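Asker: One structure, as structure tokens, below. Some questions next.
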Amino acid sequence: MSDPTTDKPEGVPTRPAGRRKRRRAAGAHIFVFLAPALLIYTVFSIYPLIESLRLSLFDGLEDGTAVWAGLDNYATLLFDPNWATQFWRAFWNNLVLFFIHMVVQNPLGLLLAALLSLAPRFGSAYRTLIFVPTLLSVVIVGFIWELILSPLWGVSETLLGTIGLAWLYQPWLGLESSALATVSLISVWQYVGIPMMLIYAALLSIPDELIDAARVDGLGGWSIFWKVKLPLILPTLGIVAILTYIGNFTVSFDLIYSIQGSLGAPNFSTDVMGTLLFRTFFGQQLQVGDTHMGATIASMMFFIILVGVTIYLALVQRRLQRYEM
């Protein structure tokens, strides 16, 4: 008599044992290949994030011990006059940076990508020239632009004078009214290659059949771009926007620190959350370093980025997916 626990109903195909073994082996190979990257990401990203969240919930005493503070550090950062003024000023400057990149860098990247896709001749050389500043160190970029814009030995006044606009020259990095915008435009010059390449790759992925159909309907040139290509690359534009948002709260520190220092000169007009975090955590001049308040600022940066990404996924990405369907 057959065993009912092992017999299968007639008509149900059985899975060969060799196929199951191959699938298990493939799963093991995937884990082996992912393990180094997962380990590095855990050590340098996940663990520091968890440790920052933990430190933000404690407060240090003079003898070096830490006591539970709960959300007191967050309340101090947001509402205490000594801290809140610095935090909200840095947060506002980050928003200004994001706005300038959204209205200057990303449209410029879109325009460059469109021109390269419409005129492919010498496109490889142009893409390389535009993307090269992205590969440069921010220290080098900051030093070069300080030399260019310096009122003492910079060449910007001379260059403006050659075209009769010397009267427009100002020490832009030294004025509170223009320093943040100037640093933002320097950042645009350095990183415009990233959105350009992402958008350019999206434009190249559009099937030729759609372009040919648009030409048959009487469209051409820029009409094809606006009415056919642009709607199809909206998901990529959304990704570029959210990467711009994340980048302005994370990597904006590097360029500002190399040009204006950790104090966000002049008079904190270029101070962002990254420089505020640096001063608070490590200390600066008369300010004593506080690891717990520094971790609180880092945690607030994480929460701000998390809220922005969540809003994007909930309100923007879902609509783009519906459009694609």
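Asker: Most fluctuating residue of Ala35, Ala202, Ala214 in a GNM of the chain with Cα springs under 10 Å: which is it?
Answerer: Ala35
Asker: If a/c stays under 1.5 just call it rounded; otherwise compare a/b with b/c (prolate if a/b is bigger, oblate if not). Do that for the range 214-325, with a ≥ b ≥ c from the square roots of the Cα gyration tensor eigenvalues.
Answerer: Here the range 214-325 falls in the oblate category.
Asker: Can you give me the span-like helices of the chain, meaning DSSP H runs with 27 Å or more of Cα extent along the axis and Kyte-Doolittle mean at or above -1.0?
Answerer: Helices meeting the span and hydropathy rule in the chain are 17-41, 81-100, 291-311.
Asker: Would you kindly state the longest site-free stretch of the chain, with sites defined as chymotrypsin sites (Phe, Trp or Tyr not before Pro) in a DSSP loop (not H, G, I, E, B) surrounded by at most 10 other Cβ atoms within 10 Å?
Answerer: In the chain, the maximal stretch lacking such sites is 154-325.
Asker: While we're on this one: Taking Cα centroids, how far is the range 292-309 from the range 215-247 in Å?
Answerer: 32 Å
Asker: Ignoring the sites themselves, what is the longest stretch of the chain with no GluC sites (Glu not before Pro) in a DSSP loop and at most 14 other beta-carbon atoms within 10 Å?
Answerer: Values: sites that count: Glu10, Glu62, Glu176.
Maximal segment without exposed cleavage sites: 177-325.
Asker: If you don't mind, another one. Calculate the length of the line joining the C-alpha centroid of the range 178-210 to that of the range 135-171, in whole Å.
Answerer: Cα centroid of the range 178-210 versus Cα centroid of the range 135-171: 23 Å apart.
Asker: Treat each spin label as a single point 7 Å out from the Cα along the C-beta direction, and report the Val96 to Leu165 distance in nm.
Answerer: So the two model labels end up 2.2 nm from each other.
Asker: Only one of the listed values, (i) 29, 24, 20; (ii) 44, 36, 18; (iii) 31, 28, 26, was derived from the coordinates as semi-axes √(5λ) of the Cα gyration tensor in Å; which label is it?
Answerer: Here semi-axes √(5λ) of the Cα gyration tensor in Å agrees with entry (ii).
Asker: Mind telling me which of Leu136, Leu53, Leu34 comes out most flexible in a GNM of the chain, alpha-carbon contacts under 10 Å?
Answerer: Leu34
Every number in this text was worked out from the coordinates using simple rules, so none of it is lab data. Model, not experiment: these values are computed from the prediction. Heads up, the Cβs are rebuilt from the backbone with ideal geometry, glycines too, and the neighbour counts pull from every protein chain shown.
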